[in-house]
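**Q** The structure that follows is given in the form of C-alpha cells.
Just so it is clear, none of the values below were taken in a lab; they were calculated from the coordinates. Here the structure is a predicted model, which means the values were calculated and not measured. Cβ atoms come from the backbone with ideal geometry, glycine included; neighbour counts cover every protein chain shown.
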Amino acid sequence: MTPDTLPPANRSPLRRRLDQLGIGLAGLCAVHCLATLLLVSTLGLGGHFLLDDNIHRIGLLLAFGVAAVAIGWGILRHGRRLPFMVAVAGLALMGVALLVPHGTNEFVLTLIGVAIVSAGHWLNIRAAH
C-alpha cells in the first residue's frame, strides 16, 4: 500500500498529540538542564536530585517511547522518513550524553539532542499536512 492510498494523515489527532507531547518533553528536558546548571553552579542547590542519573535515563526512555509511537505511526501514515532520521539523530545524542560525566559536554549534547528530537516531531506533524 503506497502513502497515496492511505487515508489522510492529518485525521489522527492522537498521533499529533503524541508529537506535541514529544516536543513538550523536549522542552521540559531543556528546562531541567538549564535549571540544574543555574541552581547547582550558582547556588549549590539540588545537585543530589537534579544530577541524578535516573532522571536522565527515565527522560531518555520517555523520549524513545513517545518518538517510537508518534514518529513510527507517522511513517506508516505519510511515508516520509525524514522525521524518523532526525529524531533518531537527536535520541542518539541524548544517549551519548548519558555516557559522559556531568558537565558542559553532557549539557550541550543533551540540549542539542532534545532540540533535534523536537525538530523530528515538528517535521512529523508537518508531514501530515
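**Q** Suppose R0 equals 41 Å; then what is the FRET efficiency for residue 52 and residue 82 from their Cβ-Cβ distance, rounded to the nearest 0.05? It would help to have the intermediate numbers written out before the result.
**A** Values: r = 34 Å, r/R0 = 0.84.
In this case the efficiency is close to 0.75.
**Q** Here's something else I'd like to know. By its C-alpha gyration tensor, with a ≥ b ≥ c as the square roots of the eigenvalues, how is segment 12-127 shaped: rounded for a/c under 1.5, else prolate for a/b larger than b/c, else oblate?
**A** It comes out prolate by the Cα gyration axes.
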